[in-house]
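Everything on this sheet refers to the single structure shown next.
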Amino acid sequence: MILKLKDIQEKDRSLIGGKGYALSILSRYGFNVPRTLFITADVYLDYLKATGLQERILLALHRKNLKEMRWEEVWDTALRIRNMFLTKDLPDKIKSLFSKAIKNEFGDISVVVRSSAPDEDSAAASFAGLHESYVNITGIDNILTHIKLVWASLWSDAALLYRQELGLDVENSSMAVVVQEVISGSASGVIFSKNPNDDSQILIESVHGLNQGLVDGIIEPDRWEIDRNSKTIISHYEAAREQWMMTASDGIRCETLPQEKINAPPINKSQCKTLADTVLKSESVFGSPQDMEWTFRDNKLYILQSRPITTTGTSNTEDKRSWYLSLKKSFDNLQGLRHKIEGHLIPDIIRIAETLKNMNLTGLSDDELSVEIQNRYEINNHWIKVYWDEFIPFAHGVRIFGQFYNDTIRPVDPYEFVDLLKNSRMISLERNRMLEELSAIVQADQNISSTLIAKKYSELGTDFQNKAYAYIEAFGNLSCSVSGGKECEAALETLLTIVLEMSRHNRKKDNKKADNNIKVKEEAFLNHFSEDKRQQAKEYLDLARVSYQLRDDDNIHLERIEAQWRSAVHEGKKRKTLQNKISLSLEKTLSIMPDQIEKPESTTPESTGHYNVKARQLLGQAAGPGIATGTARVFTTRNDLAGFKHGEILICDAVDPTMTFVIPLTAGIVEKRGGMLIHGAIIAREYGIPCVTGVSDVTKYIKTGDTVTVDGYLGIVTLK
Amino acid sequence: MENLEHIKKNILALFSKQKLATLSTAKDDKPYASLVAFVGDRNLKTILFATARTTRKFSNLASNLNVALLINNSRNDESDFHEAMAVTVTGTAEVLSETEKIRHMDRYLATHPYLADFVSQPTCALISVKASRYFLVENFQKVMILNMDKNNDS
């Protein structure tokens, strides 16, 4: 059903959601509201029923308990569901009804398509910003698509997790949509009838242009505090005013602010007064403090929405919502992060690792070494924090491109876009190239091969040994080259066993062919855009590639830093063993250092009990197409790598980037950790190896030696 | 042992809520399926069902005692695909003697009182299936196996 502003009655509230209902009240009381149509929540349910999407969504959601999913897996599920909406057309009847109503109301002008979920009203929940709204959408087909996207946002990662957190029913939610005329205001903002920090005040926040930049937190607003009684301005905080959000040919863009606007506040004193009067009137209409979004066009005030202030001050719910909101990152936001990571963080981490490596530890006194160990420990901790604060959020670059790609191409496989991201510059691929080089030498030289079989590593020629050590230094057990000793021998043995196995079963990737394929796909993707949009498409792709590459490289960079801490600790321990006495401070430092540093995202395998329960078929996500049967090799520690045989199925909690070098030998990969963009899945796609991720308890149910089949199409693992 | 408990709980729930099971028998390599009113026991060891001695399933049992039973809670609507659970039991059937039949009859009729006339006739046999393995299917495709004999891994 489609309703107009004047049609709305009290009984329609549950059909159009609180946001929609508030607009109808505002209009009835004479506030200036943009032209609006409401698409009721029952249309959403009809669409689900008519297209069969209801059960498809629930099947996707029930593959794994939502509570057991990592956030990345929830995002994956949300992306799959979103793609279902994109690829399922509206039934003809609904389509013609919508087209007619939208045409009648708006003609050819562009609109805003906003979410208005009925359960947004429920007592404790504030859904502000969690569901999608799309600004400046033109053309009937485009508007219809965005209505579906608003529906789909009911199932976004943030919305799913937030509902679960609040204990709301995830499965029976529904969604109404508000379609409004776009008001391209010269200044916009929000106004609170009660300042969350002082309820004797009104608070206004305002930016030049559209208010999306403010709402999404990209643009810092000017801020006014106004006395509720006298309506006088108590304070005005002036923002730096660098950018504004503008309507572009389709959608909105963040642009640099023209000089004359940089110097002027977005609104003047009299407009502040108008706003204050309006919000107080709204407060008396609704009977509770209000939080309004507004815009001024040609000095005329438009109210875009009004809702009760859910909390004054910060409550639990508000805290949680803002966390879930942080899952949404805008393109502009990510570009900023990219410059920071590429321009500063990565060069820094490389430089620091190099500086530390070149330091002569043996020349330090005990006390100096003690300080150095602690220093390196701090440095390492600092970079782990950077990893969580900057590198992990930057992974959104891939996600935002994924959505962009799916919106444009509407592929059957929502992960088709990953093929465009493959990049020959990834460090792990460089490492695999070095491995292939070593195995080629072994393959060509019978003597080396026999020496390796006999494990007489000391008899290897210096040239080959140097190459092997160069590899270990670059990618293997990194402290080995500095510290020497037992760790180093073990690392060499692991490496050479793998190299020998690789030389027997050479599996080479045709990099040139792969690169050409990517070029063809890239061209095909860009051809979907008109000349003026192509630049934007390129920017999204470029951002995604950098983000994708970092996702693979960041752990390796971190390992380099950790290795330097480890080598300093090693030097201390060596002195303790060799000398009778070391200084007290060094003794103390060594005693407080942990044995190892907890790796980001590493998981400890659960202990295995004796069950007479066996798994026959386990469920995960299809992360690399293909099917393979083989003997399982379960990895719990890095030492398990050495025994790996060609054609085995790799079973593990998580593929660590430092262990990806055995991948060319595997016939299939099964990971407990879930996600389509995790290291294992990325490398599996590179090599075309069947891969299933997110299989709960996989290392508990599958033992080394079991015969397993990995079905990378259906996302299932079957035990014989 | 959390999973063992989870599987047992789900199988017992199917036992208590479902009345009918699909029975598979075979003779001369020809499979046959039939619907039977079943009763399972608390420790999952045996499953009882009744049949007339003239039926095809009974004649199949005379030549092959290996059977499978399927019990499920589907409602025959769309939501079954994400909600329904099914268990397949494999085991060996035994046609109970008259004395054994009388001993087990009360338990059987407690679940299926409407079958009192049927079961009490001399031409009706009570069959006890000794379960060897349970295959529990949840979430559309997740399959777990409960082996009743730890040494039997086949």
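The mean of 1/r over all pairs of different alpha-carbon atoms in the range A:2-181, once inverted, gives a Kirkwood hydrodynamic radius of 16.7 Å.
Just checking the listed ones, B:ASN64, B:ASN139, B:ASN73: in the Gaussian network model of chain B with Cα springs under 10 Å, the one fluctuating most is B:ASN139. Based on the alpha carbons, how large is the Rg to Rh ratio for the range B:2-147 when Rh follows Kirkwood? Ratio of gyration radius to Kirkwood radius for the range B:2-147: 0.97.
When A:VAL386, A:VAL692 are sorted by how many other C-beta atoms sit within 10 angstrom of their C-beta, beginning with the fewest, the order is A:VAL386, A:VAL692. Note: relative contact order over chain B, using C-alpha pairs below 8 Å and six or more positions apart, is 24 percent.
When the protein assembly as shown is described by a simple charge dipole with +1 on each Lys and Arg Cβ and -1 on each Asp and Glu Cβ, the residue from A:VAL710, B:VAL95, A:ALA22 located farthest towards its positive end is B:VAL95. Let's test the formula: R0 of 45 Å, r as the Cβ-Cβ distance of B:LEU35 and A:HIS505. What FRET efficiency results, to the nearest 0.05? With a Förster radius of 45 Å, E is 0.30. Think of each Lys and Arg Cβ as +1 and each Asp and Glu Cβ as -1; about the Cα centre, that makes the dipole of the range A:39-105 roughly 80 debye. Multiplying the residue separation of A:SER270 and A:GLU459 by 0.36 nm and removing their Cα-Cα distance gives an extension gain of 59.2 nm.
Modelled this way, with points 7 Å down the Cα-to-C-beta line, the labels at A:LYS574 and A:ASN197 are 5.6 nm from one another.
Using θ = phi - 60° in the Karplus curve 6.51 cos²θ - 1.76 cosθ + 1.60, the 3J(HN,Hα) couplings for the range A:297-308 round to 10, 6, 6, 9, 8, 10, 9, 8, 6, 9, 9, x Hz; x is entered for Gly and Pro.
Using the Cβ-Cβ distance between A:HIS344 and A:TRP388 with R0 = 22 Å, the FRET efficiency computed as 1/(1 + (r/R0)^6) comes to roughly 0.85.
Nearest 10 degrees, 0 to 90: what angle lies between the long axis of helix A:346-358 and the longest principal axis of chain A (Cα atoms)? Tilt of helix A:346-358: around 30 degrees. A straight line joining the Cα centroids of the range B:32-79 and the range B:85-154 runs 7 Å. Our note on the geometry: Cα centres of the range A:378-395 and the range A:517-594, 10 Å apart.
Rounded to 0.05, the FRET efficiency of the B:GLN121 and B:ARG42 pair, given R0 = 30 Å and the Cβ-Cβ distance, is 0.60. Above 52 angstrom, tally the Cα pairs of chain A and express them as a % of all pairs, no decimals. That tail contains 22 percent of the Cα-Cα pairs.
For the range A:178-192 and the range A:64-86, what is the separation of their C-alpha centers, rounded to whole Å? That distance is 32 Å. Over the range A:1-146, Cα pairs under 8 Å with separation of 6+ residues give a relative contact order of 28 percent. A helix-only calculation puts the protein assembly as shown at -13500 deg cm²/dmol for mean residue ellipticity at 222 nm, using -39500 (n - 2.57) for each DSSP H run of at least four residues, averaged over all residues. Projecting the Cα atoms of A:TRP383, A:TYR469, A:ASN263 onto the charge dipole of the protein assembly as shown (Cβ charges, centred on the Cα centre) puts A:TYR469 farthest toward the positive pole.
Shown in residue order for the range A:684-701 are the 3J(HN,Hα) couplings computed by the Karplus curve 6.51 cos²θ - 1.76 cosθ + 1.60 at θ = phi - 60°: 4, 5, 3, 9, x, 9, x, 9, 10, 10, x, 8, 4, 6, 4, 6, 7, 8 Hz (x for Gly and Pro).
Projecting label points 7 angstrom from Cα along Cα→Cβ for A:ARG534 and A:THR704 puts them 5.4 nm apart. Within the range A:1-76, the ratio Rg/Rh, alpha carbon atoms throughout and Rh by Kirkwood, equals 1.18. Database remark: amide H of A:ARG616 closer than 5 angstrom to the amide H of B:VAL143, B:MET144, B:ILE145 (H placed geometrically; neighbours at sequence offset of 5 or more, or on other chains; Pro and chain starts carry no H).
Quick note on the range A:144-261: its Rg to Rh ratio, both from C-alpha atoms and Rh being the Kirkwood radius, is 1.06. Dipole magnitude for chain B: about 300 debye, using +1 per Lys or Arg Cβ and -1 per Asp or Glu Cβ, origin at the Cα centre.
If the viscosity is 0.692 mPa s and the temperature 37 °C, what translational diffusion coefficient in µm²/s does Stokes-Einstein give for the range B:1-65 when Rh comes from Kirkwood over Cα pairs? Taking Rh from Cα pairs, D becomes 245 µm²/s.
Label sites at A:LYS231 and B:GLU78, each approximated as a point 7 angstrom past Cα along Cα to Cβ, lie 5.3 nm apart. Sorting A:SER567, A:SER193, A:SER449 by the number of Cβ atoms found within 10 Å of their own Cβ, with the fewest placed first, yields A:SER449, A:SER567, A:SER193. Look at the dipole of the protein assembly as shown built from charges on Cβ: of A:TRP565, A:TRP294, B:HIS6, the Cα furthest out on the positive end belongs to B:HIS6. Ranked by how many other Cβ atoms sit within 10 Å of their own Cβ, fewest first, the residues A:MET676, A:MET659 fall in the order A:MET659, A:MET676. One decimal place: the segment A:ASP332-A:ASN299 gains 9.0 nm when fully extended, by the rule 0.36 nm per residue minus the C-alpha distance. For the listed residue pairs A:LYS261/A:LYS300; A:LYS49/A:LYS672; A:LYS19/A:LYS385; A:LYS67/B:LYS17; A:LYS148/A:LYS340; A:LYS49/A:LYS614, the alpha carbons are over 30 angstrom apart in A:LYS49/A:LYS672; A:LYS19/A:LYS385; A:LYS148/A:LYS340; A:LYS49/A:LYS614.
Remark: relative contact order (chain A) = 11 percent; criterion is Cα-Cα distance under 8 angstrom and separation of 6 or more residues.
No lab work stands behind these numbers, since they all come straight from the coordinates. The shown structure was predicted, so the numbers you read here are calculated from the model rather than taken from an experiment. Cβ: placed from backbone, ideal geometry, glycine included. Neighbour counts: every protein chain shown.
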